[in-house]
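What follows is one structure encoded as structure tokens, with my remarks underneath.
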Amino acid sequence: MTAAPPRPQTLGEKLPQALRETIIAALIAAGLAFPIIALGAEPDINNQLALQTRWSWVFTTILLAAGARFLAFTLETMRSRFVAAAGLLCAAFGLGTWYFAGVADPLLIGGTIVAGAAAIALGYFIDGDADVAPKKRTTVSAQDDTSTALAFIGIGVLVAFPLVMLFAFGEAGSLKWINNYGVQILIFVMLGWGLNIVIGLAGLLDLGYVAFYAVGAYTYALLATHFQLSFWICLPLAGIMAAFWGVLLGFPVLRLRGDYLAIVTLAFGEIIHLVLLNWVELTNGEAGILSIPRITFFGIPFTAEENGFAATFWLEFSPIHRTIFLFYLILALALVTNFATLRLRRLPIGRAWEALREDEIACRSLGINTTNTKLTAFALGAMFGGFAGSFFAVRQGFVNPNSFTFMESVWILAIVVLGGMGSQIGVALAAIVMVGGTELLRELDFLKQLFGPEFNPVQYRMLIFGLAMVLMMIWRPRGFIATRTPSIFLKKRKAVAADLVGEGHG
Amino acid sequence: MRWESQPLLHVEHLTMRFGGILAIDDLSFAAGRGDITALIGPNGAGKTTVFNCITGFYKPTEGRIAFARKGLASSADVAALTTTGKRHAHMPSGDIYLLERMPDFEISAKAGVARTFQNIRLFQGMTVLENLIVAQHNPLMQASGWTVLGLLGIGPYNKREREAVDKAKFWLDKINLLDRADDAAGELPYGDQRRLEIARAMCTDPVLLCLDEPAAGLNPRESADLNQLLRNLRDEHNTSVLLIEHDMSVVMQISDHVVVLDYGTKIADGTPEAIRNDPKVIAAYLGVADEEEAQAIVGGGA
Amino acid sequence: MIFDALFGARFLFKQERALGMEFFAQQMINGITLGSIYGLIAIGYTMVFGIIGMVNFAHGDVFMVSAFIALLLFLALTSVIGITWLVLAFIIVLLLAMFFTSVWSWTIERLAYRPLRGSFRLAPMISAIGMSIFLANFVQAVQGPRNKPIPPMFNETIAVTSGGAFDVTLAWKQIVIIAVTIILLTVFWYIVQKTPLGRAQRACEQDRKMAALLGIDVNRTISITFIMGAALAAVAGTLYLIQFGNVNFADGFIPGVKAFTAAVLGGIGSIPGAVIGGLLIGMIEVLWSAYVSSDYKNVAAFAILIVVLIFMPQGLLGKPEIEKV
Ligand SMILES: Nc1ncnc2c1ncn2[C@@H]1O[C@H](COP(=O)(O)OP(=O)(O)OP(=O)(O)O)[C@@H](O)[C@H]1O
Ligand SMILES: [Mg+2]
């Protein structure tokens, strides 16, 4: 660590050291790339591995790493680095298309290279002194009215969403939007809000949240297939069951702190997953539970028959009715979660959760039973997970253990963290960005030009996700909405700056 | 002497060991109802550890801590309670609690012992007002029907919350922080944070308030205000105070009773006047070397 | 206590118990072999936790990457360069795998963890989870999703006992694994105990600020800790490859969790604890599979993790911690 120089160096002064750093970066990239990228091994017919070499990939890696290091070293501000890095990628894409895919379209290649170079130049142009003055930690006045108004507009948009889609894309075209985007995102919004109680409010890092989702899903699946109970009876039962498991798990683990709590909850989630996989008598193992009764419109099935939904309401039968109903169902569940959470924040229990996140010892010195407080957070978070799980089961019509892996927990965790722990709107935004973003990967057909026709961007979903988690932590560890809104005020509600807000013990 | 005639806290044969370290060694003292009792001693003497034992954060290795929320803790009653194995009981002489048997949060919630911390522990990311509302958790929890009624919007919760805000306003006014009620506790200046922590402890309606170095880091004016506040707590709010303090001028001015610790044992116990002239105390504070200088420190502010 | 919990369920025991002592001895040998591998990985967890108080979630995946590196290097050496003497190939692969894995680990620490030092507390943990996901999927992307088999090596066995109900055997690869583990642990122990580097490490563990004031380059010490952890993980990766004969991009997670369990069981922060924990976990796993049920062997590992964390979080050799108020 060197002390900051009194005067910003010019580019020329930095150049020798920048070149040295660039060369080091290139060497390290070579070390990283050498065996694992340079060599490939695929089993042949005799199941013997045959070695291939891929030097061009190694050179690409090295050049990108060196370029990135050079830019990072010579540019001072985040903004200019970002612009220049985009330029670098753009130019690399142009060159790569030409070299690897053999696309000799001069317009494409020339265009991307020129655009890339221009972006890099722009990066240097807009680069100024780094904003070194540390930000002041203070409370700022929150704009109450606009955020309430925004919330109402958001709800309005969501209510109108399936109908607008139906109108815009027709019955066949809108299915993708309502189902893949709408319902899928709302499930994760709901899970995010549920986990937000545990992590965002109470500050307990739970890496096994998916277990409660699984408990909810299997509760509905088993009750519906064995006892023919309807969804509306199973829904509360699934929630209660999940909450019960939340307490059962919570009781022994909640005196753990920090990373240990995270690890134990992870282990618990994995155990549930493994039990679902191995207890074949109950769960039917890997195959899962099939033909779970589908959702009905309060008893009226969504079928083409005479007593079906379409016939009852003088509509023409269409499968989209069920999807739209599911959309409104999960929307309602998510909104219930949201309003319950908002209300809880203004009750003593919610304040105790937040106080617990701020300082557990102080809580105990004020007579707060922290074990019970943590347990309620765990149980309520689990309950909402259970609701979401039973919705998942009724939507899919089947459940198997593969939907409830550790990765799913991480996915929900990432939504909560990216959203800004504790912020309801932030979590919703994060779910839209993350779930919607990965759905959008399906649409990136143009990349096939570069990587060949078998290239499927969806395969790289998790790779991008992992990288994004790291970058997010470096760049915005507190998420989209990092400020905290107080639960009560005397004269004026002022948001609390992120770095004052505690992060909990676990 | 009230700590003899009207004791509310009896610490008896308290011993606390951390691995090989004997932090407190067979310590006994009493604190009187309505007194400001000062616990003093050099750095590392074990003062904070005594607080942690009284407030249940550490389980003492040995010893008994009897506390009378009402009445007094007569030794016969305490002995009788100890043999029953219960944690607390209404005895003829008063409501007696055996603190070493109780979990930390119950000591505040039931026995009525509140505390502050040497390294301030406010809820930094919550506002000043929220800090004081959280302190009233238990009564509010009851008013919200253990959340169930509150969630449904029935019951007296809204009214009780307004009363809680009024109580918070009362204490904020007392510590001159009313106009910062909506700011985050973490952005208050140091001295204000110290006072806020005291106000927060007072919002639990304690019988005994334990303050761990409340004057540390305060300037002389703030320190004088603090003295005023502590006297006021004792005289107008019927709160007994147990105080750890290094600043001898504060100790000598406001305390009714001083207990001196060194290396985990009690070396002196008495009125401020008696302590000021105790050679053992002077020796403990500066080794035996320079008695005059030690005299100057210990006798400071008199 | 753990043994009681596991073996209280006697009614589950499979038929093999009839095979008696010999069978048990064989399982012990297998358990020690497996346990050596877990122990080597566990050291990486324990050292990083000791020095920066972080669970390096990606360590299991670093181990998986190292097994891939070893596999590719082995193929390159035998098929391209044409080294036929297995022992030589093995030694070269081991050393190179240690080197290249260290480069990975150093880079990960530098890019994903160091910028977060002093950031909010969950950040390194989440970054490490992200890194773990990235590594597994990166390897899947560049090496494909299928299992990668290598030809069996050091496969000849020695009969330790014969003539009884059950012949206890010791495969050469087991000897190699145990021997390499012992040699490397000795070297490593020497470095940690006797060199200035090890002293710097221990100083940083005790108090990072104070160490920095005393002129220790804390960043460098942390980097070296990551490198040492990775080098030992690479040894484990190479040995894993020899023992099991194939590797897959998803193979980082479960061994990673088991090694972490080992580190916790031994007392996190304690290096001998990590080795003992590794051996115990290896033996428990093998005995559990042999006598109880191999379906639930991973459940057993997770259950041990939970039980240890809840009931003896300081582990076997760790120091108990009293929460400071
Ligand atoms: N949790 C703990 N674990 C181990 N040792 C402890 C613990 N708490 C206190 N100690 C030790 O007990 C002794 C007394 O500490 P304590 O904090 O009670 O002193 P103190 O009188 O409050 O000092 P100061 O005036 O500096 O606040 C010290 O030697 C300290 O190191
Ligand atoms: Mg102290």
TODO: Report the residue count in region A:335-350 for those that are open to solvent by less than 10 Å² (accessible area, probe 1.4 Å), under 13 Å from A:ILE197 (Cβ atoms) and assigned to a helix (DSSP H, G or I).
DONE: 5
- [ ] Could you please let me know if B:ALA89 is modelled with pLDDT of 90 or more and either open to solvent by 10 Å² or more (accessible area, probe 1.4 Å) or in a strand (DSSP E or B) (or both)?
- [x] no
Open item on the list: Being within 24 Å of B:ASN119 (Cα to Cα), away from ligand 1 (no atom under 16 Å from the Cβ) and open to solvent by less than 10 Å² (accessible area, probe 1.4 Å): is that true of B:ILE36 here?
Closed with: yes
TODO: Can you tell me which residue within region B:112-149, out of those that are of a type in the set (A, V, I, L, M, F, W, C), more than 7 Å from chain A (Cβ to nearest Cβ) and open to solvent by 10 Å² or more (accessible area, probe 1.4 Å), is nearest to ligand 2 (Cβ to nearest atom)?
DONE: B:ILE120
Open item on the list: Just checking: which of the helices (runs of 4 or more DSSP H) contained wholly in region B:92-159 hold 3 or more residues that are closer than 30 Å to B:LEU72 by Cβ?
Closed with: B:137-143
- [ ] List the helices (runs of 4 or more DSSP H) that sit entirely inside region A:192-281 and contain at least 2 residues that are in contact with a Ser or Thr (Cβ under 7 Å, 6 or more places away or on another chain) and closer than 25 Å to A:LEU418 by Cβ.
- [x] A:210-227, A:259-278
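Residue under question is A:ARG69, and the condition is that it be in the same structural domain as A:ILE120 (by TED's automatic domain parsing), within 31 Å of the chain's Cα centre (by Cα) and either closer than 30 Å to C:ILE81 by Cβ or surrounded by fewer than 20 Cβ atoms within 10 Å (Cβ to Cβ) (or both); does it hold? Break it down stepwise before answering.
Working: in the same structural domain as A:ILE120 (by TED's automatic domain parsing): yes; within 31 Å of the chain's Cα centre (by Cα): yes; either closer than 30 Å to C:ILE81 by Cβ or surrounded by fewer than 20 Cβ atoms within 10 Å (Cβ to Cβ) (or both): yes.
In short, yes.
Yes or no, residue by residue, for (1) modelled with pLDDT of 90 or more; (2) polar (S, T, N, Q); (3) surrounded by fewer than 24 Cβ atoms within 10 Å (Cβ to Cβ); (4) on the phi > 0 side of the Ramachandran plot:
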site	(1), (2), (3), (4)
A:ASN369	yes, yes, yes, no
A:ALA393	yes, no, no, no
A:MET407	no, no, yes, no
A:GLY437	no, no, yes, no
A:LEU440	no, no, yes, no
A:LYS448	no, no, yes, no
A:PRO453	no, no, yes, no
- [ ] From the list B:GLY19, B:GLY44, pick out the single residue that is under 22 Å from B:GLU245 (Cα atoms) and open to solvent by 10 Å² or more (accessible area, probe 1.4 Å).
- [x] B:GLY44
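Among the residues in region C:82-97, are any of a type in the set (Ser, Thr, Tyr) and more than 23 Å from C:THR221 (Cβ to Cβ)?
Let us first name the residues in region C:82-97 that are of a type in the set (Ser, Thr, Tyr), namely C:84.
Okay, now just the ones that are also more than 23 Å from C:THR221 (Cβ to Cβ), so C:84.
So far as region C:82-97 goes, yes, one or more of its residues are of a type in the set (Ser, Thr, Tyr) and more than 23 Å from C:THR221 (Cβ to Cβ).
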Task: Matching residues, region B:41-64, being closer than 17 Å to B:SER240 by Cβ and more than 9 Å from ligand 1 (Cβ to nearest atom) - done: B:ILE54, B:THR55
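Can you tell me which residues in region C:64-95 are over 30 Å from C:ILE52 (Cα atoms) and either in a loop (DSSP other than H, G, I, E, B) or not hydrophobic (A, V, I, L, M, F, W, C) (or both)? Before you say what the answer is, go through the steps one by one.
Step one: filter region C:64-95 for residues over 30 Å from C:ILE52 (Cα atoms), giving C:71-93.
The answer is C:THR78, C:SER79, C:GLY82, C:ILE83, C:THR84, C:TRP85.
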- [ ] Output the number of residues of region C:139-173 satisfying the condition of being within 14 Å of chain A (Cβ to nearest Cβ) and on the phi > 0 side of the Ramachandran plot.
- [x] 1
Task: Looking only at region B:58-81, and only at residues there that are buried (at least 22 other Cβ atoms within 10 Å of the Cβ) and within 14 Å of chain C (Cβ to nearest Cβ), the one that is farthest from ligand 2 (Cβ to nearest atom) - done: B:PRO60
Task: Residue that is away from ligand 2 (no atom under 16 Å from the Cβ) and either under 25 Å from B:VAL134 (Cβ atoms) or modelled with pLDDT of 90 or more (or both), where the choices are B:GLU213, B:GLU236, B:GLU197 - done: B:GLU236
- [ ] Of all residues in region C:261-283, count the ones that are open to solvent by less than 10 Å² (accessible area, probe 1.4 Å) and assigned to a helix (DSSP H, G or I).
- [x] 12
Task: Residue selected from region B:94-111 under the condition open to solvent by 30 Å² or more (accessible area, probe 1.4 Å) and not aliphatic (A, V, I, L, M), by the criterion nearest to ligand 2 (Cβ to nearest atom) - done: B:GLU100
Open item on the list: Based on this model, can you work out whether B:GLU161 counts as within 25 Å of A:ARG484 (Cα to Cα), facing another protein chain (nearest Cβ under 10 Å) and within 16 Å of ligand 2 (Cβ to nearest atom)?
Closed with: no
TODO: Test C:VAL299 against the stated conditions and say whether it is open to solvent by less than 40 Å² (accessible area, probe 1.4 Å), away from ligand 1 (no atom under 16 Å from the Cβ), within 22 Å of A:THR405 (Cα to Cα) and free of Cβ contacts under 8 Å to residues at least 12 places away in the same chain.
DONE: yes
- [ ] Specify the residue that is modelled with the lowest pLDDT; the eligible residues are those in region A:220-263 that are under 26 Å from the mean Cα position of the chain (by Cα) and among the hydroxyl-bearing types (Ser, Thr, Tyr).
- [x] A:TYR260
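The values are calculated or read from the model by the stated rules, or taken from the named source; none is laboratory data. All values derive from a computational prediction rather than experimental measurement. Backbone-built Cβ (ideal geometry, glycine too); neighbour counts: all protein chains shown. Surface areas here come from the heavy atoms of the whole protein model, side chains and all, with no ligands, DNA or RNA. Shrake-Rupley method; radii C 1.70, N 1.55, O 1.52, S 1.80 Å.
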